[in-house]
Structure formats: structure tokens, C-alpha cells
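Report on the following structure.
The values are calculated or read from the model by the stated rules, or taken from the named source; none is laboratory data. Bear in mind the structure is a predicted one, so any value in this text is a computation, not a measurement. All Cβ positions, even for glycine, are placed from backbone atoms using ideal geometry, and neighbour counts span all protein chains on display. Please note that ligands, DNA and RNA were not included when accessible areas were found on the heavy atoms of the full protein model with its side chains. Shrake-Rupley method; radii C 1.70, N 1.55, O 1.52, S 1.80 Å.
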Amino acid sequence: MVTSRLSVSIAGLQLENPTMLASGILGYSAETLGSIAAGGAGADITKSIGLKPRVGYANPTVVQANCGLINAMGLPNPGIDEFVEEIHEAKRLLSVPLIVSVYGFSAEEYEKIVKKAVEAGADAVELNVSCPHVKETGSEIGQNPKVLSEVVRKVRCTAKKPVFVKLSPNVTSICEVAEAAVEAGADALTAINTVKAMAIDAETMMPVLGNKVGGLSGPAIKPIALRCIYEIYERVKVPIIGCGGVTSWQDAVEYFLAGASAVQVGTAIATEGPTVFRTITRGTDVYLKTKGFASVREIVGLSHRR
Ligand SMILES: Cc1cc2nc3c(=O)[nH]c(=O)nc-3n(C[C@H](O)[C@H](O)[C@H](O)COP(=O)(O)O)c2cc1C
């Protein structure tokens, strides 16, 4: 049984517990989003949706690495006009907030997609400005504070719902990018997207992924994400949503202590199953009770005290 110790508010969005489905992992159909909520997630984030349908890259698109996965899906998606139906259906099914992840090739595109997603019922949007493997969107926007500001400012003016900005770790200074996003109006930051990576097969002597380069996720990137959250927390005031390798309640607790107000879980669904959310929230609840905290909010950023 989940208690009120776990409830959080992220930029006005009320969550019964501080876990969310990370974008792109099972996030297409209303049914799969429903099964993740049934597994105990406090909110669902959809796969990133663009203005037009996209097929994505040729296989292989995912390869197992030592401590995680490397993926280069190429942002396959049906396009926002078709996806609107899925948003309607998900809103009918879900009792948890629905956050629609959005990517675009220009500020105008982001604005158009966000408008349609919010009109269809999205409770918040997450701007994917950090995909490491599709040219002219993703990282190419999120690595440039000036371009990123333009995108966030445009979306913030139009969106009537909270705007989360998902940051890339593939930058020299994640704090500089985080500050640009917040100054432009981001209501919360998600840290981090995948870390640029690749795999080569010694037998064929060739890169494994169809796109050659992809993004690393899972336990391998947890220490990187933790460091990013810790640094960002010292520089901005908006809530941070931690993402990258969260697999257990201990991981989640470390993220809260670093400064995250909630965590997203992706790759761990493949290794632990959809009930990983319940395992994380139950473990966190017991930890808080044992340590004498009345709310998860009390431990956010606690590792920064001197
Ligand atoms: C197969 C796969 C597809 C993904 N697709 C998206 C996506 O569409 N949009 C996005 O913002 N992130 C996407 N991601 C990144 C995840 O949302 C998350 O940031 C990353 O995997 C780190 O979290 P994890 O270690 O818990 O998986 C994808 C990750 C994987 C493994």
C-alpha cells in the first residue's frame, strides 16, 4: 500500500508517487501505458511524437551492452495527428497523469505539436531536445543554449500545461543548458537522455546498430545521471526529474538525495518487468519511514547540506 509520504507535485502536476515511465519504453499504445500505470507508475510519458509520421532506422535498432542497452530507434512514430486518438484513449484509461513527449525540427514544429497534444488532453509535455541519434533535432537543439531557448520560449507561450525539458548529457556543461531552459520558461527539467555510444561486432568487424551510433541507457549511465542532477540542483530552482539507470528503490533514493523530485524508469522495465515501479515506491516508502521522514520531499537535495 502506497502512502501519502510518496505524493509529490511537479510544476503543479500531482503524482501519487514520484515514479514515471521514461519516454520511448513501451510508450505507444494506450493499453501499454495502462499496464505501466497498473504496475505502479505515478505518471506515464509517451514515446516522442513528431509533426509527421517517421519510420525510424533499419534494424538492428537496439543492442545489449555490458550494463545497459544501446538504442538508435530513429524516433519512429505515427505523427501527432494520428497520435491524438491514442491520447484520447489513454486519457479514458489512465488514472495517472499523461505526459506527451515531443520532438521537432524547429521551434515552430515543437509549438504546433505541443498545441495539438495539449488540446487532445496531455497533462504536461516533455520536450525531447536530447535524442543523440537523429540529425537536426534532439541533441542538436539541446546542445545549443540559444536554439534551445527559442524552442522553450515558443512552447511556453502556447502550452497551457507544464513544460518539462529533457536534457542531454552529451554536452560540455549541462548546467549552462539547464539555466538556458529555465530562463526561457521550462517548468521542470528531466535529466538525462541517453549517452552517445556504439557497439562493434568483432566477428563481422562492423558497427552493430543500423545507424552505427546510438544512445546508452540502463545501470551503466546511473553515475553520470546522478552527477548531472547534483550539478543542476545547485544552479536552478525548478523541479528536476531524474532519469538514467534507475532499477531499484536505492537508486531512486540516491536520485532524491542528489536533488531529483521524481524519477523516470526505462530500461529496468526490460530487466525487472512493469512492476518495478511498485518495488521502487514500496522500498522508498519503507526507507522514509525507517529514517523518520514524513515525505519524500524532505529528502530532495539532502546530500547537498554542508
Ligand atoms: C529503446 C529506447 C527508446 C527510447 N526512446 C526515447 C524517445 O522516444 N524519447 C526520449 O526522450 N527518450 C527516449 N529514450 C531514452 C529514455 O527515455 C531514457 O532517457 C534513457 O533510456 C535513460 O533511462 P533508463 O536508463 O531508465 O532507460 C529511449 C530509450 C530506449 C532504451
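Descriptive notes on the structure:
- Net charge of neighbours whose Cβ lies under 12 Å from the Cβ of ALA180, counting Lys and Arg as +1 and Asp and Glu as -1: -1
- Each Lys or Arg adds one and each Asp or Glu takes one away; over the other residues whose Cβ falls under 15 Å from the Cβ of GLY283, this sums to +1.
- The chain, relative contact order [Cα under 8 Å, separation at least 6], %: 20
- Charge tally in the Cβ shell below 15 Å around PHE105, where Lys, Arg are +1 and Asp, Glu are -1, PHE105 excluded: -1
- Solvent accessible area, Å² - LYS52, 1.4 Å probe, full protein context: 140
- Shape call, the range 42-123: gyration tensor on alpha carbons, a/c limit 1.5: oblate
- As a length-normalised measure over Cα pairs under 8 Å and 6 or more apart, the relative contact order of the range 200-282 settles at 27 percent.
- DSSP finds beta bridges in the range 5-122, and of those with both partners inside it, around 60 percent are antiparallel.
- DSSP-defined beta bridges in the chain - what % are antiparallel, rounded to 5: 40
- log₁₀ of I(q)/I(0) at q = 0.10, 0.14, 0.15 Å⁻¹ - the chain, Debye sum with one point per alpha carbon: -0.48, -1.00, -1.16
- Sequence-distant residues sharing a close amide H with GLY74 (under 5 Å, placed H): TYR57
- Within the accessible area of the chain, the carbon and sulfur atoms contribute 54%, probe 1.4 Å, all protein chains present.
- Calculated accessible area for the chain comes out at 43 Å² per residue, all protein chains present (probe 1.4 Å; ligands, DNA, RNA ignored).
- Probe 1.4 Å - accessible area at GLU231, Å² to nearest ten: 70
- The distance between label points at GLU203 and GLN250 comes to 3.5 nm (points 7 Å beyond Cα on the Cα→Cβ vector).
- Selection among GLY79, GLN264, THR290 by position relative to the dipole of the chain gives THR290 as farthest towards the positive end (Cβ unit charges, Cα centre).
- Computed over the range 124-226: relative contact order in percent, which uses C-alpha pairs under 8 Å that are six or more apart: 27
- Taking θ as phi - 60° and the Karplus parameters 6.51, -1.76 and 1.60, the scalar couplings of the range 198-211 work out to 8, 10, 10, 8, 5, 6, 7, 6, 9, x, 7, 6, x, 8 Hz in sequence order, x denoting glycine and proline.
- Under Karplus coefficients 6.51, -1.76 and 1.60, residue-wise ³J(HN,Hα) of the range 13-21 in Hz, glycine/proline x: 8, 8, 10, 5, 8, x, 10, 9, 6
- Placing +1 on the Cβ of every Lys and Arg and -1 on the Cβ of every Asp and Glu, with no other charges, gives the chain a dipole of roughly 640 debye about its Cα centre.
- Taking amide hydrogens as placed 1.01 Å from N in the peptide plane, the amide H of CYS131 sits under 5 Å from those of GLY138, SER139, each at least 5 positions away in sequence or on another chain.
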